[in-house]
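The structure under discussion appears below in the form of structure tokens.
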Amino acid sequence: MSETVEVTRDTLRNAINDPRYLNSNHPEAQAFRQWVSEGFRAL
């Protein structure tokens, strides 16, 4: 993932509605889910 995004609760809540998070067949799903998980842990 090449974008820089400020990690906030709202950003992460919105991310779980993203197709990259919802669709396990999406090519970026694993990396995106990891990013979301790490973001929640960091908060």
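Within the stretch 1-34, no residue satisfies the criterion of being modelled with pLDDT under 95 and of a type in the set (Phe, Trp, Tyr).
Listed by first and then second residue, the pairs linking a residue in the stretch 25-43 that is touching a residue at least 12 places away in the same chain (Cβ under 8 Å) and among the β-branched types (Val, Ile, Thr) to a residue that is outside any helix (DSSP H, G or I) and surrounded by 10 or more Cβ atoms within 10 Å (Cβ to Cβ), with Cβ atoms under 8 Å apart and 6 or more places separating them unless they lie on different chains, are VAL36/ILE16. Look at the stretch 1-24: where a residue is within 19 Å of ARG41 (Cα to Cα), no partner that is of a type outside the set (A, V, I, L, M, F, W, C) and loosely packed, with under 11 Cβ neighbours inside 10 Å sits 6+ places away or on another chain with Cβ atoms under 7 Å.
Within the stretch 20-43, restricting attention to residues that are surrounded by 11 or more Cβ atoms within 10 Å (Cβ to Cβ) and of a type in the set (Ser, Thr, Tyr), the residue that is farthest from VAL7 (Cα to Cα) is TYR21.
The values are calculated or read from the model by the stated rules, or taken from the named source; none is laboratory data. In this text the structure is predicted, and so the values were computed from the model without any measurement. Virtual Cβ from ideal backbone geometry, glycine too; neighbours counted across all protein chains shown.
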